[in-house]
Structure formats: structure tokens, C-alpha cells
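Read the structure below first, then the notes.
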Amino acid sequence: MDILRSIALFIASAAAEIGGAWLIWQGIREHRGWLWIGAGVVALGLYGCVATLQPDATFGRILAAYGGVFIVGSLAWAMALDGFRPDRYDIIGALICVVGVAVIMYSPRTS
């Protein structure tokens, strides 16, 4: 159950962080204005809160693993919202990251 909760929290974290960064990008680079930027700042703050809910209490481990989730999530976000089409190297790299996340977060530990 902790693994499913952890995965759900990683997905929520990715949505908040990537979405927040995307909103700020839209506000500044696409000239959509301060409302978009403000919403992005709120989403980024939400990301920081969601990340603290992970079952594992090790900050470094959570952030290291989240790096892999961020890579995969960023590619998925770009595909869904910006029409990006990953090439085989993007996909291979993302798969390597997912394996890294699983090793970091879900390997059996004695302590």
C-alpha cells in the first residue's frame, strides 16, 4: 500500500511542479500575464508540500527519485500540451529513469 501511495504522490508532485513551471513559462514567454505566473508560483508551492507526504522520510532519497519522475513527467507533459514527440533516445532515457526511481525508492532496506 505504501508503494501505491508513494507512486500517487510522485504523480501529484510532478503535476504540481511541471504544471507550475509551465504556467510561469506561459505567463512570461508567451505573454499571458501575471495571473498565469501567480498560478504557477502557487502550484510550485503545492509541489513542495505534496513531496513531504511521501512515506519515506529521507529528503535526499525522495528528491533524488523525484528527479527521475520529473524527467518522465516533463516528456509526458510536453507530449500532451505542447505537441512534442519524443524520439527513441528520449524514451530509452525515460525508461532508465523509471528503473532508477524504482531502485532508489522501493528496494528492500534493512534500516
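Scanning the range 5-32 for residues that are more than 18 Å from G45 (Cα to Cα) and acidic (D, E) yields a count of 1. Checked against the criterion of being crowded, with 19+ Cβ neighbours inside 10 Å, under 30 Å from R109 (Cβ atoms) and touching a residue at least 12 places away in the same chain (Cβ under 8 Å), the range 21-39 contains not a single residue that satisfies it.
Across the range 92-111, the number of residues qualifying as free of Cβ contacts under 8 Å to residues at least 24 places away in the same chain and surrounded by 10 or more Cβ atoms within 10 Å (Cβ to Cβ) comes to 8. Checked across the range 46-61, the condition of being without any contact (Cβ under 8 Å) to a residue 12 or more places away in the chain and farther than 20 Å from I3 by Cβ holds for at least one residue.
Residues of the range 56-71 that are more than 10 Å from G100 (Cα to Cα) and of a type in the set (G, A, S): A57, G60. Considered as a group, the residues in the range 49-91 that are of a type in the set (F, W, Y) and surrounded by 14 or more Cβ atoms within 10 Å (Cβ to Cβ) include one that is nearest to L23 (Cα to Cα), and that residue is W77.
Every number in this text was worked out from the coordinates using simple rules, so none of it is lab data. Everything numeric in this text was worked out from a predicted model, so none of it was measured. As a convention, Cβ positions derive from the backbone with ideal geometry for all residues, glycine included, and neighbour counts pool all protein chains shown.
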